[in-house]
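For reference, the structure discussed in these notes is given below.
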Amino acid sequence: MREDTRRWIEADKRHAWHPFTPQGPWTADDHEPLVIVRGEGPWIWDSEGRRYLDGNSSIWTNIHGHAHPAINRAIVEQLGQIAHSSFLGFANPRASELASRLTGLFPPGTLERVFFSDDGSTAIEVAMKMSLQYRMQTGEPERTRFVAFADGYHGDTMGAAALGGVSRFFERFRRFGPDVGFVRSLAGLDQFAASEINAVVIEPLIQGVNEMRPWPAGMLAELRDWCDCHGVLLILDEVMTGFGRTGTMFACQREDVIPDFLCLAKGLGGGYLPIAATLTTAPVYDAFLGDPVNAFYYGHSFTANPLACAAALASLDLFLTERTLEELPAKVEHLAKLLEELASCEGVVDVRQCGLVAGIELRAGLGSPVCLRARDHGLLTRPIRDTVVLMPPLCVEREDLDLAIDALKAALAGV
């Protein structure tokens, strides 16, 4: 081990606290964490010089690859002007441009307003608070209940955590949050009085933290119809599924659904800088006009950070110049063939895919060992329980996907 690697690991174990990580095993003397120091395209390198395919897009964020010259250039150019200025009562060029570009991705007269925040959790918090205040200011203050889906995940801030259906993460905090009811399917919605429901929240097409489980085809469109019929708002959490992951720019576009609130983060900044956005409609926005008491008094210090907005704009440009979405179908089809082969391997229980997102469910106890062994074969990813997540950057090539599946096959054989 290099001396600088040793120094970084010792400092980490002594002072850092990692998310979703039992700290006992992490700080054990025999545990050697990977220290990531560099990236290029779909590849990342550790401090010992070992190269890995970024098999989960650096926790589902990276879109066009690491160190992309166009995004790097956009950030550097913006850095030469100003790194940050307040969005509370001021505007900045990049935020103006980004808001216009995001709303332009949807039909006119639909999602017309953008509220910026910092990450997926806060994008959800914005939608929750905004929808509740909207009800208060439109004569329906009694509609306070949210409905979410069992085993879903919407973030870790207190409001977003209340929507989480994964008991292991959220049960101990449930009583501190808003009124939330849970269902497993559309049929379960009828157990609640619709007149008391403020909004339904869902990860469209596929649940992420629930081991990558797709919803039945047509389910999202049916949910939109149900919400329209009962006057219920629809909040779509596209923090994971947005920006091409499912094959279209947004998952909701696969079923021609427009929500009342669309929550975006992760890939919004191309995987470079923290930025989130909550898109909503003109009727919602109009309810906050008039008396100053009606204003939405909520925000973050780094809301609409110009550097992050510049990265997001460059990422949107790349979808056009590199024809990212047009290149996806062939990659998705190739991945499907590879997954079909992998499904027959010993230890594989199920394989689930939605676009360039895959969950490979393994026999109990194999998830972590297989991911650790896959590092030896050039693949870096993490499991959710015993489901290995494969969600590479969209710039991944077919031969890179071959490497990923070969690495998993070798890892399975090794354990």
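The values are calculated or read from the model by the stated rules, or taken from the named source; none is laboratory data. All values derive from a computational prediction rather than experimental measurement. Don't worry about glycine lacking a Cβ; one is built from the backbone with ideal geometry, like all the others, and counts go over all protein chains shown. When the accessible area is computed, the model is the full protein with side chains, heavy atoms only, and any ligands, DNA or RNA have been set aside. Shrake-Rupley method; radii C 1.70, N 1.55, O 1.52, S 1.80 Å.
With springs only between Cα atoms under 10 Å apart, run a GNM on the chain and tell me which of Ala277, Ala70, Ala265 wobbles the most. Of Ala277, Ala70, Ala265, the most mobile in the Gaussian network model is Ala70.
The helix-based estimate of mean residue ellipticity at 222 nm for the chain, built from -39,500 (n - 2.57) per DSSP H run of four or more residues and divided by its residue count, is -11000 deg cm²/dmol to the nearest 500. Taking K and R as +1 and D and E as -1, what net charge do the other residues with C-beta under 12 Å from the C-beta of Ala70 add up to? So the environment of Ala70 carries a net charge of -2.
Dipole magnitude for the range 263-399: about 380 debye, using +1 per Lys or Arg Cβ and -1 per Asp or Glu Cβ, origin at the Cα centre. When a 1.4 Å probe is rolled over the protein heavy atoms, the share of accessible surface on the chain that falls to carbon and sulfur comes to 54 percent. In the chain, taking the dipole from charged Cβ atoms about the Cα centre, the farthest positive-side position among Gly152, Ala404, Thr21 is held by Thr21. Here are labelled values, (1) 21.0; (2) 25.1; (3) 22.4, and one is the computed Kirkwood radius over Cα pairs in Å for what I pasted. Which one? It is the one labelled (3).
Computed on protein heavy atoms with a 1.4 Å probe, the accessible areas place Ser85, Ser344, Ser47 in the order Ser344, Ser85, Ser47, largest first.
A protection proxy built from the mean count of other Cβ atoms within 10 Å ranks the segments 374-383, 355-364, most packed first, as 355-364, 374-383. Between the C-alpha center of the range 282-323 and that of the range 155-173 there is a gap of 25 Å. Net charge in the neighbourhood of Ile206 (other residues with Cβ under 13 Å of its Cβ; Lys, Arg +1, Asp, Glu -1) is -2.
Relative contact order for the chain: 21 percent, from Cα pairs under 8 Å spaced at least 6 residues apart, divided by residue count. About the centre of its Cα atoms, the chain shows a dipole size close to 640 debye [charges on the beta carbon of Lys, Arg (+1) and Asp, Glu (-1) only; nearest 20 debye]. When the Cα positions of Val126, Asn92, Gln137 are compared along the charge dipole of the range 84-137, Gln137 comes out farthest toward the positive end, with charges on each C-beta of Lys, Arg, Asp and Glu.
Heavy-atom accessible surface of the range 22-73, averaged per residue, reaches 47 Å², computed with a 1.4 Å probe. When both bridge partners sit in the chain, DSSP labels roughly 65% of those beta bridges antiparallel. Here's the picture: charge each Lys and Arg Cβ at +1 and each Asp and Glu Cβ at -1 in the range 296-337, and of Tyr298, His334, Leu313 the one pushed furthest to the positive end of that dipole is Tyr298. Charged side chains reduced to their Cβ positions (Lys and Arg at +1, Asp and Glu at -1) give the range 29-129 a dipole of some 600 debye around its Cα centre.
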